[in-house]
Amino acid sequence: MALKYYQLDATQVLAQLHTKKTGLSQTEAATRLQATGPNKLSDHKQTSLLTKFILQFKDLMIIILMIAAFVALLAGEGSDAIIIFLVIILNAVFGVFQEAKAENAIAALQKMTTPKSRVLRDQTVQVIDSEDLVPGDVVLLEAGDIIPADVYFLEANALKVEEAALTGESVPVEKQASPLPAKNIPLAEQTNLGFMNTNVTYGTAQAVVVETGMATQVGQIAKMLTEVDQTVTPLQKNISHLSKVLSVLILVIAAFIFAFGTLTGRESPLDMLLTAISLAVAAIPEGLPAIVTITLALGTQKMAKKHALIRKLPAVETLGATQIIASDKTGTLTQNKMTVEQFYTDGQLKPAAQLKFQADSKLALAMLLANDSQQTPTGLVGDPTETALIQHFLGQTGFDWDKVCAAYPRTASLPFDSDRKLMSVQTGELLLTKGAPDELLRRANFIEEAGQVTPLTKAKRQELARVNKQLADQALRVLGFAYKKLAPADQLNLEAEQDLIFVGLIGMIDPERPEVKAAVAEAKQAGIRPLMITGDHMDTARAIAIRLGIIAPTDTKGVISGAQLDQLSDQELVQHVGEYSVYARVAPEHKVRIVKAWQSHGKIVAMTGDGVNDAPALKTADIGVGMGITGTEVSKNAADIVLADDNFATIILAVKEGRKVFANIQKAIQYLLSANLGEVLTLFLMTIFNWSIFAPVQILWINLVTDTFPAIALGVEPGDKGLMDQAPRGLKSNFLSNGVGFNIIYQGLLEGLLTLGVYLYAICWPVHQDPTLIHQDALTMAYITLGFLQLVHAFNCKSLTASVFSKQIFANKFFNWAILTSALLLAATIFIPQFNALFHVSPLNLSQWGVVLLAGALLVIIVELVKAYQRTKK
């Protein structure tokens, strides 16, 4: 069996890859690129535009509507069929457009994160796109670089690599340039290899590329993602269920009307078929898929402005139903930036903001100079702990780091290592040391306080130990600092790190984002349970969780570690998952277990992630939330939503928008279905009583002008007050919950009865003597009443239970224009003589219009009375 790369030495690796330490030639690299392909992860299998277009027609309600259109076409009702087809095609085109728009947004985000690489080509250093790397290329790496492919380290100088995205290891891994002879070494322990999309945090390296693209470790995991099933969202379930119920009812009613009319001999089978088709057209809310799509699309646009990019439209609504938000800590709940919080110096412990240093302060010099950070045009680069020490001074007036470095040039250094846990530098005759407090105090015999150096007594050591523990108990990372004056002939070596003069301690932490605490409180107010998932230690996780309000300071059971999770079976985790709000030292593979445990309780779970190994959990969750800044391409592709700012508070803003979207879709559905029920009832009773019935073109015109614009306008209504004071609706809720089903039924019946009442009024109190004109007037009044009632009813649907007069009725300008436009289009069929014959209507006088307006007023009054009664029952 061939040896694996980590088992080989540098000479063997170079020979196996047919390359040299000086790199490839440009010609050879081009040849290899043709053979291996670009160094990038394969894009998702792109669905063709034609396939996307066809998939828009898979909804059962759309299929039935298409059948009705074909039958109408065969029956000679060409105009009806054309209008139906136009509505269907418009909806399909819009769906394809929005899906493509979302994909393009993600592609643009991925392109922004594509790094460059420094590579040896033709024995010179060149900067190329990482996509152009090939096996055998020799790359140069330094702190701040993203490793562009899987590499073998030929040289590693104090090299540390952040591999959390791949292995879940939360602290940087020390790398080496020597073979590892053991077999089957875990990925996290392959210390002579670097992996694609991991980050160099410290040191420099020269490495040879061993694998690129889908052959890398990241690529192998990307292939596995195709095996994870995609979760069906609550919105998709609701629409599917509603479509099936409506379709069955429509078919039953239409079949009954056809059979009734044919058997009683009222009309010929063909005429009754046309009547049944008209009824089907009236009953099917053909605008519903378009309304839902448009409302979701408008929601995605608003979320994009708030840094939440939606990859899949249904995810907008699903967010509104979220009950659990499991969030990464670093970068999402926190700033992903180590910050100095507290100082202990001169015998006092103070907040960092209160302490100002003199230019020659030994503590300041130790922080600044015992430090390998580098200033680049894009900012500080280096180990996060060390850059934080520099960052503490950058905001101070008059501070000039370059000036300090010039005044105290480094003449020698002892790099940090995991055994000593110290770092020392020499500048002239001054030795400056930083490191773990325990190790530092072991080598310190003196202490400087208020400019005076005195022996380090036992009592003072005990005090320093107490302060160190006090800071550590707050989950702060504690560093100690010391110095020593060297003789001119002294050489910097390990023996020099003795008899040090202790000058201070600092406590550092990756602080919480300032807006997250309020977002956590808002989530809890909304009935959403926030969880923290992190690879950090339990103490750090607990401290941040307390500071954010995720757990209470007195909560002793809310934190569990990855090791403890491993001891629980899946069944035990399901039983106890509700006890934990913080998961510490958790590997990415634990996330799937956590998601499934909560889902087994019927909870809708949103999960954040940025690493490659997070991708299966992102797909398993009801809502996968990827990170736009720190996230890998694999995690972004697996996510439903990508946060452009990696901020937990953005998730809560998106939840609020998702709730508003659902509420608005619910309003639109109540409006559409109650209006269509009114049409069905009117046609049904007209058929039963052997009255004149609406022509198909009248039904189509009413549907076209009253369904589309007002329903879309309801989809952009401002969110109701108290939207985030309500508990999540959960999996069992649907569009007909919270009284919507009852509202649809009584309001639809009311519209139908008022329309028939106007019809009977016109028959009983005619303005003409000619029976033909009487029936034509009656049908015209019923036609315009049915359309007018629907437009008036749109105002009722602005709120499910609140009085329309309690809201700013005309605040939604789009709604106002939609109602006005629809009213004009409806009235035009009567007021414009040329349209009268086309729509089988006749002009009406003022008294007849007065009856129509009275019917509209009665609808508003009755609905307001019912709403008032409903509010008393809450």
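The values are calculated or read from the model by the stated rules, or taken from the named source; none is laboratory data. Computed from a predicted structure; not experimentally measured. Glycine gets a Cβ as well: all are built from the backbone with ideal geometry, and neighbour counts include every protein chain shown.
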Which residues, counting only those in the stretch 825-874, are in contact (Cβ under 8 Å) with a residue 12 or more places away in the chain and not in a helix (DSSP H, G or I)?
-> Phe839, His840, Val841, Ser842, Pro843, Leu844, Asn845, Lys874
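Only residues that are modelled with pLDDT of 90 or more and either assigned to a strand (DSSP E or B) or surrounded by 24 or more Cβ atoms within 10 Å (Cβ to Cβ) (or both): list them for the stretch 192-215, please.
So the first thing to find is which residues in the stretch 192-215 are modelled with pLDDT of 90 or more, and the list is 192-195, 205-212.
Correct list: Asn192, Leu193, Gly194, Ala205, Gln206, Ala207, Val208, Val209, Val210, Glu211, Thr212.
When you scan the stretch 694-712, do you find a residue that is farther than 19 Å from Ala827 by Cβ and either buried (at least 21 other Cβ atoms within 10 Å of the Cβ) or touching a Lys or Arg at 6+ places or on another chain (Cβ under 6 Å) (or both), even just one?
Kept after step one, since they are farther than 19 Å from Ala827 by Cβ, are these residues of the stretch 694-712: 696, 711-712.
Within this subset, residues satisfying the condition of being either buried (at least 21 other Cβ atoms within 10 Å of the Cβ) or touching a Lys or Arg at 6+ places or on another chain (Cβ under 6 Å) (or both) are 696, 711.
There is at least one residue in the stretch 694-712 that is farther than 19 Å from Ala827 by Cβ and either buried (at least 21 other Cβ atoms within 10 Å of the Cβ) or touching a Lys or Arg at 6+ places or on another chain (Cβ under 6 Å) (or both).
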Of those in the stretch 216-231 that are more than 21 Å from the chain's Cα centre (by Cα) and crowded, with 17+ Cβ neighbours inside 10 Å, the residue modelled with the highest pLDDT is Thr216
Answer yes if at least one residue in the stretch 156-169 is in a helix (DSSP H, G or I), over 23 Å from Asp536 (Cα atoms), in contact with a strand residue (DSSP E or B) (Cβ under 7 Å, 6 or more places away or on another chain) and modelled with pLDDT under 90, and no otherwise.
-> no
Residue satisfying condition, being within 23 Å of Ala519 (Cβ to Cβ) and of a type in the set (Gly, Ala, Ser), within set Ala543, Ala597 | Ala543
The stretch 598-616, residues that are of a type in the set (Gly, Ala, Ser), surrounded by 24 or more Cβ atoms within 10 Å (Cβ to Cβ) and modelled with pLDDT of 85 or more = Ala606
Taking the stretch 401-421, which residues are at pLDDT 80 or above and part of a loop (DSSP other than H, G, I, E, B)?
-> Tyr408, Pro409, Arg410, Thr411, Pro415, Phe416, Arg420, Lys421
Is it the case that some residue within the stretch 424-445 is touching a residue at least 12 places away in the same chain (Cβ under 8 Å), buried (at least 17 other Cβ atoms within 10 Å of the Cβ) and at positive phi?
-> yes
Of the conditions (1) touching a strand residue (DSSP E or B) at 6+ places or on another chain (Cβ under 7 Å); (2) crowded, with 24+ Cβ neighbours inside 10 Å; (3) not in a loop (DSSP other than H, G, I, E, B), the single one that Asp646 does not satisfy is (3)
Over the stretch 5-24, the set of residues among the polar types (S, T, N, Q) and either buried (at least 21 other Cβ atoms within 10 Å of the Cβ) or assigned to a helix (DSSP H, G or I) (or both) is Gln7, Thr11, Gln12, Gln16, Thr19
Test each condition in (1) modelled with pLDDT under 85; (2) closer than 28 Å to Leu242 by Cα; (3) surrounded by fewer than 16 Cβ atoms within 10 Å (Cβ to Cβ) for Leu749 and report the one that comes out false.
-> (1)
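Going by the conditions given, is Tyr759 at pLDDT 90 or above, farther than 26 Å from Ile669 by Cα and crowded, with 22+ Cβ neighbours inside 10 Å? Explain how you work it out, then say what you get.
Values: at pLDDT 90 or above: yes; farther than 26 Å from Ile669 by Cα: yes; crowded, with 22+ Cβ neighbours inside 10 Å: yes.
For Tyr759, the condition - at pLDDT 90 or above, farther than 26 Å from Ile669 by Cα and crowded, with 22+ Cβ neighbours inside 10 Å - is met.
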Within the stretch 560-573, is there a residue that is among the acidic types (Asp, Glu) and either touching a residue at least 60 places away in the same chain (Cβ under 8 Å) or assigned to a loop (DSSP other than H, G, I, E, B) (or both)?
-> no
Would you pick out the residues in the stretch 334-379 that are buried (at least 18 other Cβ atoms within 10 Å of the Cβ) and basic (Lys, Arg)?
-> Lys362
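State whether the residues of the stretch 514-522 include one that is of a type in the set (Lys, Arg), within 21 Å of Leu368 (Cα to Cα) and surrounded by fewer than 21 Cβ atoms within 10 Å (Cβ to Cβ). Outline the logic, then answer.
From the stretch 514-522, those of a type in the set (Lys, Arg) are 517; that's our starting set.
If we keep only those that are within 21 Å of Leu368 (Cα to Cα) as well, we get none.
No, every residue in the stretch 514-522 fails to be of a type in the set (Lys, Arg), within 21 Å of Leu368 (Cα to Cα) and surrounded by fewer than 21 Cβ atoms within 10 Å (Cβ to Cβ).
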Inside the stretch 481-493, can you point out the residues that are in contact with a strand residue (DSSP E or B) (Cβ under 7 Å, 6 or more places away or on another chain) and either assigned to a loop (DSSP other than H, G, I, E, B) or aliphatic (A, V, I, L, M) (or both)?
-> Ala482, Leu486, Leu492
